[in-house]
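In what follows, a single structure is set out as structure tokens and then discussed.
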């Protein structure tokens with residue numbers, strides 16, 4: 001493996017750096033997803049929505065204030081700013097939580113695109129060096145030329161390998177971020193509907209009095 005790395009030429013060092021970054025980001029993000037799953041608290045989310053439907057805003061905030069669930073944190077932030085603009089507060093909280101889920105994805109996306117291009121660059125420069133031998137005495141030894149071309153292709157193989165391996169965690173993390181986005185939107189819509197219902201019930205009760 002080390003021998004192949006050296007045969008790939010100078011471009012292998014940027015490819016090595018790209019692979020290390022990709023691996024580091026993927027591991028950190030998978031750990032983040034695992035921690036978020038461990039922090040899920042469906043009971044707190046249900047309690048927030050139940051209290052909000054009854055119009056008990058303080059109780060709803062208290063029910064989810066200590067929760068680590070990203071849905072609960074979004075809803076609590078919206079309720080804390082309910083008197084100003086619940087929709088804007090929920091949107092702000094949602095963007096803040098989704099930013100945590102999408103962190104690192106642009107890096108993986110860049111590496112997926114860049115690694116094959118770096119590999120191709122290494123191959124092209126390697127082939128240029130190999131065909132440069134055609135003008136010298138090395139013409140009598142074609143194995144040198146074909147061997148040089150084979151070595152040049154190593155860079156492309158490494159670049160493609162890095163992109164393929166990085167694509168797996170990228171797609172997984174993207175799907176989890178999209179899933180979180182749908183969950184947050186659904187919970188926020190439910191909260192707004194419950195607040196509207198509680199206000200309508202309060203107004204009807206006040207009218208009857």
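The values are calculated or read from the model by the stated rules, or taken from the named source; none is laboratory data. Predicted model only: the values in this text are computed from it and were never measured. In this analysis, Cβ positions are derived from the backbone assuming ideal geometry, glycine residues included, and neighbour counts consider all displayed protein chains.
Mind telling me which of the residues 74, 102, 113 ends up being closer than 22 Å to residue 27 by Cα, surrounded by 14 or more Cβ atoms within 10 Å (Cβ to Cβ) and under 24 Å from the mean Cα position of the chain (by Cα)?
Details: 74 fails: closer than 22 Å to residue 27 by Cα; 113 fails: surrounded by 14 or more Cβ atoms within 10 Å (Cβ to Cβ).
Just a single option satisfies the conditions, and that option is 102.
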First in region 8-28 and on the phi > 0 side of the Ramachandran plot, second anywhere and surrounded by 12 or more Cβ atoms within 10 Å (Cβ to Cβ) and in a helix (DSSP H, G or I), Cβ under 7 Å, 6 or more apart: 9/122; 9/125; 9/126; 9/155
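What do you reckon, is residue 90 buried (at least 19 other Cβ atoms within 10 Å of the Cβ), modelled with pLDDT of 95 or more and touching a helix residue (DSSP H, G or I) at 6+ places or on another chain (Cβ under 8 Å)?
Details: buried (at least 19 other Cβ atoms within 10 Å of the Cβ): yes; modelled with pLDDT of 95 or more: no; touching a helix residue (DSSP H, G or I) at 6+ places or on another chain (Cβ under 8 Å): yes.
For residue 90, the condition - buried (at least 19 other Cβ atoms within 10 Å of the Cβ), modelled with pLDDT of 95 or more and touching a helix residue (DSSP H, G or I) at 6+ places or on another chain (Cβ under 8 Å) - is not met.
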Residue list for region 157-191, filter: out of contact with any helix residue (DSSP H, G or I) (no Cβ under 7 Å at 6 or more places or on another chain) and within 19 Å of residue 103 (Cβ to Cβ): 168, 171, 172, 175, 178, 179, 182
Whichever residue in region 31-71 is under 28 Å from the mean Cα position of the chain (by Cα) and over 21 Å from residue 179 (Cβ atoms) and, among such residues, is surrounded by the fewest Cβ atoms within 10 Å (Cβ to Cβ): 66
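Determine, yes or no, whether residue 124 is out of contact with any helix residue (DSSP H, G or I) (no Cβ under 6 Å at 6 or more places or on another chain), at pLDDT 90 or above and either under 30 Å from residue 25 (Cβ atoms) or surrounded by 15 or more Cβ atoms within 10 Å (Cβ to Cβ) (or both). Please lay out each step first, then the result.
Numbers: out of contact with any helix residue (DSSP H, G or I) (no Cβ under 6 Å at 6 or more places or on another chain): yes; at pLDDT 90 or above: no; either under 30 Å from residue 25 (Cβ atoms) or surrounded by 15 or more Cβ atoms within 10 Å (Cβ to Cβ) (or both): yes.
The answer is no for residue 124.
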